[in-house]
Amino acid sequence: MDAALAGRLREVEASFRESLLSMADPAVLGDRNQYTEVTKRHSDLKPIVEAFHALEAAETDAAEARELAALDAEMADELLAMAADREAEAERLALRLKVMLVPKDPNDEKDVILEIRAAAGGDEAAIWAGDLLRMYERFAEINGWVMESISTSHSDAGGYNQVTVAVKGRGAYSRLKFEAGPHRVQRVPKTESQGRVHTSIATVAVLPEAEGVDVQIDENDLEIDVFRSSGPGGQSVNTTDSAVRITHAPSGLVVICQDEKSQLQNKLKAMRVLRARLLAAEIERQQSAVAANRKSQVGTGQRSEKIRTYNYRENRVTDHRIGLTIKQLPTILEGALDTFVDALTLDDEARRLAEG
């Protein structure tokens, strides 16, 4: 390994050893917040240190094998092959460690506010939004996450004009953040009598859920209105003014929640969505190209825009950002998104590594 990488890894190893000592410190043990912080740092550094030790072992094995090969002509070929294998392993570990040292997205461990909206395509786009919601419900189940409904606007034709859910679980944002953007479907709608393929779009926004410490909101900046909630077609589904609309004056953001029967519950959910949107806006200001920028995530919703295409006739799903096509559309719609998520994560790490 090169000297620069070795130096950085020695620093990580020293920090890891320091975390071990801190975890045994009575003062740290007596402070819940400090202990949680120390154990998290220990957990984060452990896989890096283990990979570092594996790299050192591979380099040592390779060097020893080459030394022995120079001394033993009969075993030279076998020892040189062993050395080559261990050198290849060392090279793989060195690359992996460089990626592991790239700073993590600070939002990766956060829960998620997921918004799906029907865009171009009319009724078929709303039906497609419902299909996407089901795909993410299955993905959440596979990962052991909990999904909670925040707000829904049903379409008369089925599906949703808009649906907002919370996804809670370890690493939810890190696994879902690359789903943000326009999702294009190409298929024959059930209402199509002549068998023609239609193209529709639903947009997905993935927002890290903000805690109170992430976003401070002045109550004086809020305009809160209450009204009766409505269902498909506009019919009243509640006889009390339980639906809540919150307008944040400084940003102009408006959030409506009406799924709960309680006005208080709808207000609390609306505030969660508002905080998430404000956090995304703050991230955008701090990093102009950040993916959490809600507008850049959803685009204009036109058919020509897409991050991914789902083609029913060809049984394929193509992610246009990395050029990956998988011909297992039904399986993917059942939540088998790991191949795409892993490939997008590696692509993002490689780009950040090149930039760093």
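The values are calculated or read from the model by the stated rules, or taken from the named source; none is laboratory data. Model, not experiment: these values are computed from the prediction. Note: ideal-geometry Cβ built from the backbone for every residue, glycine included; neighbour counts use all protein chains shown.
Data for the structure
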item	result
Asp123 farther than 30 Å from Cys257 by Cα and over 24 Å from the mean Cα position of the chain (by Cα)	no
Condition broken by Ile48, with the remaining ones in (1) surrounded by fewer than 18 Cβ atoms within 10 Å (Cβ to Cβ); (2) part of a helix (DSSP H, G or I) satisfied	(1)
Of residues in the stretch 236-247 being more than 16 Å from Asp156 (Cβ to Cβ) and at pLDDT below 55, the one surrounded by the fewest Cβ atoms within 10 Å (Cβ to Cβ)	Thr239
Check on Asp61, surrounded by 15 or more Cβ atoms within 10 Å (Cβ to Cβ), under 29 Å from the mean Cα position of the chain (by Cα) and not small (Gly, Ala, Ser)	no
Qualifying position, being over 30 Å from Lys168 (Cα atoms), under 34 Å from the mean Cα position of the chain (by Cα) and surrounded by fewer than 15 Cβ atoms within 10 Å (Cβ to Cβ), among Glu37, Glu74, Glu18, Glu78	Glu18
Flag for Val146 being of a type in the set (Val, Ile, Thr) and out of contact with any helix residue (DSSP H, G or I) (no Cβ under 6 Å at 6 or more places or on another chain)	yes
Within the stretch 66-82, tally of residues that are touching a residue at least 12 places away in the same chain (Cβ under 8 Å) and over 25 Å from Arg10 (Cβ atoms)	4
Selection from the stretch 251-275 of residues that are among the basic types (Lys, Arg) and touching a residue at least 60 places away in the same chain (Cβ under 8 Å)	Lys269, Arg272, Arg275
Scan of the stretch 112-137 for residues that are assigned to a loop (DSSP other than H, G, I, E, B) and crowded, with 21+ Cβ neighbours inside 10 Å, ordered by number	Ala119, Gly121
Tally of residues being over 21 Å from Ala276 (Cβ atoms) and either part of a strand (DSSP E or B) or modelled with pLDDT under 65 (or both) across the stretch 210-235	8
Residue match in the stretch 321-335 (condition: over 15 Å from the mean Cα position of the chain (by Cα), assigned to a strand (DSSP E or B) and not polar (S, T, N, Q))	yes
Number of positions in the stretch 13-36 that are assigned to a helix (DSSP H, G or I) and either among the charged types (D, E, K, R) or in contact (Cβ under 8 Å) with a residue 24 or more places away in the chain (or both)	7
Residue tally, condition over 15 Å from Gln265 (Cβ atoms), of a type in the set (Ser, Thr, Tyr) and assigned to a strand (DSSP E or B), over the stretch 144-165	2
Residue identified as in a helix (DSSP H, G or I) and touching a residue at least 40 places away in the same chain (Cβ under 8 Å) among Arg96, Arg10	Arg96
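Residues are listed down the side, and each one gets a yes or a no for (1) surrounded by fewer than 18 Cβ atoms within 10 Å (Cβ to Cβ); (2) farther than 16 Å from Ala140 by Cβ; (3) hydroxyl-bearing (Ser, Thr, Tyr); (4) not assigned by TED's automatic domain parsing to the domain that holds Lys269:
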{"site": "Val165", "(1), (2), (3), (4)": "no, no, no, no"}
{"site": "Leu176", "(1), (2), (3), (4)": "no, no, no, no"}
{"site": "Gly181", "(1), (2), (3), (4)": "no, yes, no, no"}
{"site": "Pro189", "(1), (2), (3), (4)": "no, yes, no, no"}
{"site": "Val206", "(1), (2), (3), (4)": "no, no, no, no"}
{"site": "Glu211", "(1), (2), (3), (4)": "yes, yes, no, no"}
